[in-house]
Amino acid sequence: MRVELLGLPVDLLSHRETVARALAAMRGEAPRCQHVALNVAKLVTARRDPELDRDVRESDLVGIDGAGIALALRLQGHGRPERVAGIDLFESLMGACAAEGFRPFLLGAKPDVVADAGRALVRRHPGLALAGSHHGYFRPDQEAEICRRIVASGADCLFVALPTPQKERFMHRHRDALGVPFVMGVGGSLDVVAGRVRRAPRLVQIMGAEWAYRLAQEPRRLASRYLRTNAVFAGLLLADAARRLTARRPGAVPRTRT
């Protein structure tokens, strides 16, 4: 079920349901599908970036990637939606590709990272065969050639490990021409798979504090971003709660979002 959160769509799908939707597209049982993982930073950025807002809105699936998004949905009365972390979904789909013979294409990260990630995935998922891979350090005038390589590979799925909003823009711009059944942005997942970045322990993930673990690893790069986006997000939630409270009062006139 698709709902709206602070002006952006979110699909209330579990991890299992999301995997099933991706596999249905790869099997040809459902239309081609583009997946975007939504976290707090992306939601806040989209409010001031019209192109990113469009890219998210026009995606076929918008997943609950961040603990902050899951919390906000609970506060809005949408039950207890499951967080579907992008890297967990990525790993599950790699296992499914190995089991069913689907061939993924990896795009993004540094040349050595994408190469190491590909080798790690093949070791981790026996039977997995990659359709191909390409690093993410390419110029705009090289995009057309990269797209031709992806099409020629016959990939069943494409995983784009570029930063936001580059990956969302790339997927929106090329998904129809590529004709790949399932396309998904995976951000820094290849760095984790390749062993360049350590993921938080499972208990920290369950607590919804994975962002704090990442901050501890890369304080200089992430501190200002997290402080800024988390503060804006908290303000948006408070404003939304105030609007909802006002709307419930007898005789209140509903206010529209500006």
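Here is how the numbers come out for the structure above:
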| item | result |
| --- | --- |
| Gain upon complete extension [residue 123, residue 80; 0.36 nm per residue less C-alpha separation] | 12.0 nm |
| Highest to lowest packing among 80-86, 157-163, scored as the average C-beta count within 10 Å | 157-163, 80-86 |
| Inter-label distance for residue 137 and residue 209, nm, one decimal - labels placed 7 Å from Cα along Cα-to-Cβ | 3.6 |
| Amide H within-cut-off set for residue 135, under 5 Å, with H built and near neighbours excluded | 108 |
| Nonlocal amide H pairs with residue 30, under 5 Å, H built at 1.01 Å | 25 |
| Gyration tensor (alpha-carbon) shape descriptor, the chain, a/c threshold 1.5 | prolate |
| Projected label distance in nm at residue 115 and residue 30, using a 7 Å step from Cα toward the beta-carbon | 3.7 |
| Theoretical gain in end-to-end length, residue 245 to residue 58 [0.36 nm per residue, Cα-Cα removed] | 64.3 nm |
| Förster radius 30 Å - calculated FRET efficiency between residue 147 and residue 14 (Cβ-Cβ, nearest 0.05) | 0.40 |
| Full-stretch length increase - residue 71, residue 3 - with 0.36 nm per residue and alpha-carbon distance subtracted | 23.1 nm |
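Read-outs: derived from the displayed coordinates by stated rules, not from any lab. Treat the numbers as computed from the prediction; the structure is a model and nothing was measured. Cβ atoms come from the backbone with ideal geometry, glycine included; neighbour counts cover every protein chain shown.
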